[in-house]
Amino acid sequence: MDRKIEIKFYFMVGIVFYFLAISMIITGAALPKWMDIFQVTAGRAGRLFFLYYLTYVITTFSSGFLCDHFGKKPIIVLSQLFLGIGFFCISTAHSFLFIELGMLIMGLGGGFCEAPMTGLISQVFNGREGFALNMSQIFFGIGAASGPFLTGYLLGIGFNWRFLYLLPAVVSMFLFFFIYFEKKLFQKERKGITSGNILILYQRWKTFLAVSCLAMLLYVGSEIASSSWMSTYIVKGLKGNLYLGGLAMAGYWGMITIGRIVFAYLSQKNHYGTLLRISSIISLVFLFLLLMTNSIPLVILSFMGIGFGFSGIWPLVVAVVARNIEEMQATAIGVVVALGGTGALFFPWILGILSDYMGLRFIFIMVVVLVVAMFLVFQSRFFKEGMET
């Protein structure tokens with residue numbers, strides 16, 4: 001890859017992951033505002049996350065297979081089209097129903113985006129997956145940190161929330177045309193699969209994939225349940241304001257971003273499984289601190305620590321899969337990412353419903369349960385020294 005193409009590759013990866021994060025994360029910061037404007041309960045508000053991840057999971061399951069068959073470019077192009085339409089739908093919504101529709105459409109775009117982009121990066125950086133995937137997720141982390149912070153700040157000073165979705169709609173349409181007309185970045189793609197390839201993938205790797213899917217399910221459920229409800233917890237549970245809610249989300253995702261830089265370099269000299277177990281323990285320590293305090297500054301600090309603990313888990317689980325599976329790699333990554341998406345599909349919504357009866361703090365008690373289960377999965381032989389070859 002020559003220098004000019006390399007710069008275009010980094011530009012595409014950076015901007016795609018930045019606005020993918022925006023599509024997933026800023027809803028949590030805007031949620032308290034929407035609950036007041038449209039007079040909806042936490043149970044119905046939490047359904048927004050379910051709707052996004054419903055279509056996200058469906059398209060992610062198919063995206064890996066489609067990439068292996070048709071190539072990654074047409075699938076990534078399609079992702080930007082759906083993201084643009086979804087953002088625009090929300091920006092023009094005059095009822096909560098249209099916000100729900102926009103989340104469904106954005107989920108289609110997110111599902112066609114994350115696994116194909118991850119597979120493309122793993123292919124380009126073969127043998128350095130842990131480093132490359134952690135570094136690529138920094139762009140996601142920057143979007144996830146800056147988006148909620150700006151959302152909380154701008155909403156706090158009376159800025160119209162519609163513009164926060166209109167701008168990403170414009171960017172997504174720019175990316176649609178940029179990627180559609182780009183050729184050199186996708187010249188070396190491997191594509192074309194047979195039913196025999198799928199059978200081999202299933203027979204040889206079914207147990208490994210099942211355990212990897214479970215790890216990703218627990219992680220994404222923990223990550224998204226935390227980020228989706230932390231602003232609402234501060235605003236409605238601790239009587240803070242929208243600015244503090246956005247600040248908490250920014251701190252959380254900011255520490256995820258910093259942590260991914262740290263774990264990118266640690267992954268070059270340390271076993272992935274060891275780093276995954278350390279990450280789980282760090283997040284548990286700060287989750288317990290969160291549950292022991294009602295001080296908003298300490299709560300924000302706790303969310304930042306949880307974010308640092310979570311930071312390396314998603315890229316490292318995907319790196320373990322990419323390092324072990326070469327044939328049908330995009331399909332395998334798509335399956336694992338999609339199963340992770342089911343955690344985001346159900347946990348924020350279900351925990352939102354339960355919080356109507358148990359209180360918002362109950363959400364984070366359940367996150368502790370998910371992280372403990374995840375740590376136990378990382379103790380399995382599939383994440384021990386010697387599995388990665």
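The values are calculated or read from the model by the stated rules, or taken from the named source; none is laboratory data. Because the structure is a prediction, the values reported are computed rather than measured. All Cβ positions, even for glycine, are placed from backbone atoms using ideal geometry, and neighbour counts span all protein chains on display. In case anyone asks, the SASA skips ligands and DNA or RNA and just uses the protein heavy atoms, side chains included. Shrake-Rupley method; radii C 1.70, N 1.55, O 1.52, S 1.80 Å.
Please state the shape class of the range 11-78: rounded when a/c is under 1.5, otherwise prolate if a/b exceeds b/c and oblate if not, all from the C-alpha gyration tensor. Before the final figure, lay out the partial values.
Details: a/c = 4.58, a/b = 1.97, b/c = 2.33.
Judged from the Cα gyration tensor, the range 11-78 comes out oblate (a/c at least 1.5, b/c at or above a/b).
Rounded to whole Hz and in sequence order, give me ³J(HN,Hα) for the range 71-77 from the Karplus expression 6.51 cos²θ - 1.76 cosθ + 1.60, θ = phi - 60°, writing x for Gly and Pro.
After applying 6.51 cos²θ - 1.76 cosθ + 1.60, I find x, 7, 4, x, 6, 5, 4 Hz.
Can you give me the accessible area per residue for the range 332-389, using a 1.4 Å probe, in Å²?
For the range 332-389, the per-residue accessible area is 42 Å².
Okay, helix-only estimate at 222 nm for the chain: each DSSP H run of n ≥ 4 adds -39500 (n - 2.57), divide by all residues, round to 500 deg cm²/dmol; what do you get? Don't jump to the answer; show the numbers that get you there.
On the way: 14 runs with 317 residues, N = 389.
Helix-only estimate at 222 nm: -28500 deg cm²/dmol.
Please work out the average accessible area per residue across the range 92-190, using the 1.4 Å probe convention, and give it in Å². Kindly include the intermediate steps, with their values, before the conclusion.
Values: 4160 Å² over 99 residues.
Solvent-accessible surface per residue comes out at 42 Å².
Round to the nearest 0.05 the FRET efficiency obtained for Val170 and Val262 when R0 = 41 Å and r is the Cβ-Cβ distance. The partial results should precede the final answer.
On the way: r = 34 Å, r/R0 = 0.82.
That gives a FRET efficiency of 0.75.
Suppose every K and R has +1 on its Cβ and every D and E has -1 on its Cβ; what is the size of the dipole of the chain about the Cα centre, in Debye to the nearest 20?
Values: 26 positive and 15 negative charges, 62 e Å.
Here the chain has a charge dipole of around 300 debye.
Pull out the extension gain between Asp36 and Leu298, defined as 0.36 nm times the separation in residues minus the alpha carbon to alpha carbon distance; nm, one decimal.
Details: separation 262, 0.36 × 262 = 94.32 nm, distance 2.65 nm.
Here the segment from Asp36 to Leu298 would lengthen by 91.7 nm.
Using a simple spin-label model with points 7 Å from Cα along the Cα→Cβ vector, what separation in nm is obtained for Lys206 and Arg3?
In this crude label model, Lys206 to Arg3 measures out at 5.2 nm.
So, with a 1.4 angstrom probe, what is the percent of accessible area on the range 198-388 that is carbon and sulfur? Mind dumping the intermediate values first?
Details: 4860 of 6990 Å².
Carbon and sulfur: 70 percent of the exposed surface of the range 198-388.
For Leu289 and Ser380, FRET efficiency with R0 = 25 Å and r from the beta-carbon atoms, rounded to 0.05?
Working: r = 28 Å, r/R0 = 1.11.
The formula returns an efficiency of 0.35 here.
Filter Lys184/Lys269; Lys8/Lys184; Lys73/Lys184; Lys72/Lys184; Lys4/Lys184; Lys72/Lys269 down to the pairs with a C-alpha to C-alpha distance above 21 Å, please.
Values: Lys184/Lys269 33 Å; Lys8/Lys184 10 Å; Lys73/Lys184 11 Å; Lys72/Lys184 13 Å; Lys4/Lys184 10 Å; Lys72/Lys269 31 Å.
Result: Lys184/Lys269; Lys72/Lys269 exceed 21 Å.
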